[in-house]
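What follows is a short report on a single structure.
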Amino acid sequence: MFFNSYSFALFFPVVFVLYWFLTNRKLATQNFLLLVASYFFYACWDYRFLFLLIFSTLLDYFTGLKMYRAENKNSKKFWFWLSVGINLGFLGVFKYYNFFEKSLADALAQAGIHTDFYTLKIILPVGISFYTFHGLSYVIDIYKDRIKPVTNFIEYSVFVSFFPLLVAGPIERATHLLPQIQKPRVFEYNKAVDGLKQVLWGLFKKMVIADNCAAYANIIFNDSASYSGSTHLMGVLFFTFQIYCDFSGYSDIALGIARILGFELLKNFSYPYFSRDIAEFWRRWHISLSSWFRDYLYIPLGGSRGGRAKNIRNLFIIFIVSGFWHGANWTFLIWGALNALYFLPLLLLDRNRTNLDVVAQGRVLPTLPELMNMLTTFCLTAFAWIFFRSESVASAFSYIKILFSRTLFSMPQILPNRLLLFLVGFIIIEWMGREENYALASFGNNWPRPVRWGFRLALVFCIYFWSGSSQQFIYFQF
Amino acid sequence: MKRFLINIAAFCFLVAVTLASFYWLYIHFTLPREKNTVYVWGDSQMYQDLDLQYLNKNSPHQFRSAALSGAGIYDFVVFSRLVPENSNVVIQISHTVVLRRKTVDRNYSAVNFDALAQLKKNNYSITELVEVMKNNVVPHKIFDSKNNLFPVADTICLAQPLSLFQTVYAERPSYFSDKENLYLEGINMLLKKKCKIIALTFPKYPLLNEIEQKSPFYNDLLAFDAHIGGLFKNKDSIIIKAQGNIFYDLTHFNARGAQQLTTEIVTHLKFDNSPTIINVKPASENTPTN
């Protein structure tokens, strides 16, 4: 069940009515409804994997309690590693088995040894990376004595499987979401309207920008040998906007839906393409994952302490692990390593925390240096996306080879005017709203109601008439 | 909460009203209204087998076609509702339209709520109606004067594999009677509007004829022809004679066949108050042997 599907358009109003009208008097009933709705939502993908989700939830719930009640350190450590081991074991088997098996077979074949491994052809359960990370953060926080375990199983299950964030995040923290689950929610008009606006903007990003960009990016990337360098440039541009609008669009919808239900989820994107350097980009892109890696990997590894060599090692570890989290393919590892390389000069020059504010804050336009920095960061990021999008490392390099050939200066073979116009409009709205939570948060709030509604109606019509052919959300595969 | 629900309802109402107005305006602005207009409807056979540009140059009429590949019965229902009274109409009588899966009915005819209600009366489920609506969300220019003929070659192209038709003709579709009914209702609506109708039946490649004749529901297809044919008082036929292969694939003429048919048809197009059905056949020398 996609957020942009007819089935979800039926599912959510039903949940809304039951949630605010039928179960709102008792928190336990309301939470139980959320759990049933979330499990139903997940089962619509594949009911078999629901058992995996329930098992993972039970595991973390009980190990959390066991750790808390452990009488000595060793016992606590045992339960902690049991949970981490099983969680990562599941992730490893479901997500990485095929990759390791193929890589090993390829490596042995290079050495002249032909193997015939038993192929499991494991299917990746939707959202496994996301709910595993939810569970891990909970277990780690209990182990580190940052939080106490939840004693109510329903509340914990809602934390792991809350349907807006179940299949593609944001990756929530127990410290942030659990208290909201544990206290009664009150319907607030302004929040609900804000949530709806964010859903609308998310749908526009996903269905109009991302899906239309995807159509062209797929044509170019799937048959790259037939196109000129300039068309390759368009392909990268389209994919750059596709991945951003696809994922941030999904996050906007998730955040908006949660807000309608009275929850505030972690912000996942903050206008990353307006970043002035790579460090800023990573503070603004997939924030919930970056901060997860920072808190549960980078800092335990020593973070920025312990000398330059250790700093650099930690930097590469976190980026490569992040790449690997995205998928079991060498292309993702290279993408991660490339970003670490981009980051390295900033780290060495201690300039990785210079751009902490919003670009051109309080001004309409950026200064020339700001503009140049934004363009440079955008180009570096877009270049790295080539590896992310390509099927293999070889096809990424052949794409780059054509991109930088002499045909780069020819007229692109694919130049969709309407989509380019949409992109320009989209960038302008994002720029105008860059100081807000999401671009439409205060956009047009001062306009008279007919104009305001007219604008929202126009967005609905754009979605209705110009949405591209439906594509699965990219981040579902992670 | 009350305020929220009222605003949501008001916004949804606004969306619905705007959409309905849009479709109404769209249909009324795109409908050709010249007196000598001939409204054409059919599926890919009508689209590929008639040269509209030639017809527009060589006859006193202006042909505006709603024919497109993959057209379904929904499109015919919309067509029969859109065509103004007393118009000249050319339609195709096609088995494929009746056999084609309900959910594949499409011609970008825009969402027409009356036509959808007519489908509902003929046993379309809500899911099927939603699917039809989805296919028609973005309207296409319905009445067009362009077409695109298939290239001439000595052999036919097997882009539509025989196996596909073997599957189609293997079992009588459950919706066969519903679609037949909609076809009849559409023609009756045109007759009620006092339209002067000419219906065309296009030939198939002999291999496909054979499959059809061996089909377990061949008698139903013959009955369908008889029911439809019963609405047309005049019967006529056109024999296509040409040098060389006239078929592009199993169901369509190539440009040679299409041009030959178009030249012939000019003399057969007499729009009068008695509806006419014209059976198009290839001459025996143009009928390939299997």
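The values are calculated or read from the model by the stated rules, or taken from the named source; none is laboratory data. Remember, predicted model here, so these are calculated numbers, not experimental data. Cβ atoms come from the backbone with ideal geometry, glycine included; neighbour counts cover every protein chain shown.
Structure notes:
- Candidate set from the stretch B:60-97 (those that are part of a strand (DSSP E or B) and β-branched (Val, Ile, Thr)); member that is farthest from residue B:50 (Cα to Cα): B:89
- Verdict on residue A:138 being out of contact with any Cys (no Cβ under 6 Å at 6 or more places or on another chain) and modelled with pLDDT of 90 or more: yes
- Residue in the stretch A:353-384 that is farthest from the chain's Cα centre (by Cα), counting only those that are surrounded by 13 or more Cβ atoms within 10 Å (Cβ to Cβ) and part of a loop (DSSP other than H, G, I, E, B): A:366
Quick grid of which residues meet (1) surrounded by 11 or more Cβ atoms within 10 Å (Cβ to Cβ); (2) closer than 30 Å to residue B:248 by Cβ; (3) more than 14 Å from chain A (Cβ to nearest Cβ):
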position	(1), (2), (3)
B:116	yes, no, yes
B:124	yes, no, yes
B:129	yes, no, no
B:133	yes, no, no
B:138	yes, yes, no
B:142	yes, yes, yes
B:149	yes, yes, yes
B:155	no, yes, yes
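- Taking the stretch B:152-169 as the range and being under 13 Å from residue B:100 (Cα atoms) and among the hydrophobic types (A, V, I, L, M, F, W, C) as the test, the residues that pass are B:164, B:165, B:168.
- Members of the stretch A:425-453 that are within 11 Å of residue A:197 (Cβ to Cβ), exposed (fewer than 14 other Cβ atoms within 10 Å of the Cβ) and at pLDDT 90 or above: none
- Unmet criterion (only one of (1) within 14 Å of chain A (Cβ to nearest Cβ); (2) in contact with a helix residue (DSSP H, G or I) (Cβ under 8 Å, 6 or more places away or on another chain)) for residue B:91: (1)
- Some residue of the stretch A:456-473 being among the hydrophobic types (A, V, I, L, M, F, W, C), buried (at least 16 other Cβ atoms within 10 Å of the Cβ) and at pLDDT below 90: yes
- Any chance residue A:465 is within 14 Å of chain B (Cβ to nearest Cβ), aromatic (Phe, Trp, Tyr) and closer than 30 Å to residue B:136 by Cβ: yes
- Among the criteria (1) within 14 Å of chain A (Cβ to nearest Cβ); (2) closer than 25 Å to residue B:250 by Cβ; (3) among the charged types (D, E, K, R), the one residue B:75 does not fulfil is (1).
- Some residue of the stretch B:99-107 being β-branched (Val, Ile, Thr), free of Cβ contacts under 8 Å to residues at least 40 places away in the same chain and surrounded by fewer than 21 Cβ atoms within 10 Å (Cβ to Cβ): yes
- The single condition among (1) more than 14 Å from every other protein chain (Cβ to nearest Cβ); (2) surrounded by 15 or more Cβ atoms within 10 Å (Cβ to Cβ); (3) of a type in the set (Phe, Trp, Tyr) that residue B:23 does not meet is (1).
- Residue pairs meeting the criteria (Cβ under 9 Å; at least 6 apart or on separate chains; first farther than 21 Å from residue A:295 by Cα and away from chain B (no Cβ under 14 Å), in the stretch A:166-195; second surrounded by fewer than 23 Cβ atoms within 10 Å (Cβ to Cβ) and among the acidic types (Asp, Glu)): A:180/A:264; A:181/A:155; A:182/A:155
- Residue, surrounded by the fewest Cβ atoms within 10 Å (Cβ to Cβ), within the stretch B:1-17, restricted to residues that are of a type in the set (Phe, Trp, Tyr) and facing chain A (nearest Cβ under 10 Å): B:11
- Residue within the stretch B:42-56 that is more than 19 Å from residue B:135 (Cβ to Cβ), away from chain A (no Cβ under 14 Å) and without any contact (Cβ under 8 Å) to a residue 12 or more places away in the chain present: no
- In the set (1) among the polar types (S, T, N, Q); (2) under 27 Å from residue B:116 (Cα atoms); (3) assigned to a helix (DSSP H, G or I); (4) in the same structural domain as residue B:263 (by TED's automatic domain parsing), the condition left unmet by residue B:21 is number (4).
- Annotation note: of B:71, B:115, B:67, the sole residue that is under 17 Å from residue B:26 (Cα atoms) and either out of contact with any helix residue (DSSP H, G or I) (no Cβ under 8 Å at 6 or more places or on another chain) or not basic (Lys, Arg) (or both) is B:115.
- Boolean, residue B:67 is of a type in the set (A, V, I, L, M), within 21 Å of residue B:203 (Cα to Cα) and either in contact (Cβ under 8 Å) with a residue 60 or more places away in the chain or in the same structural domain as residue B:253 (by TED's automatic domain parsing) (or both): yes
- Residue within the stretch A:220-241 that is crowded, with 20+ Cβ neighbours inside 10 Å, farther than 30 Å from residue A:410 by Cβ and either modelled with pLDDT under 95 or touching a Gly at 6+ places or on another chain (Cβ under 6 Å) (or both) present: no
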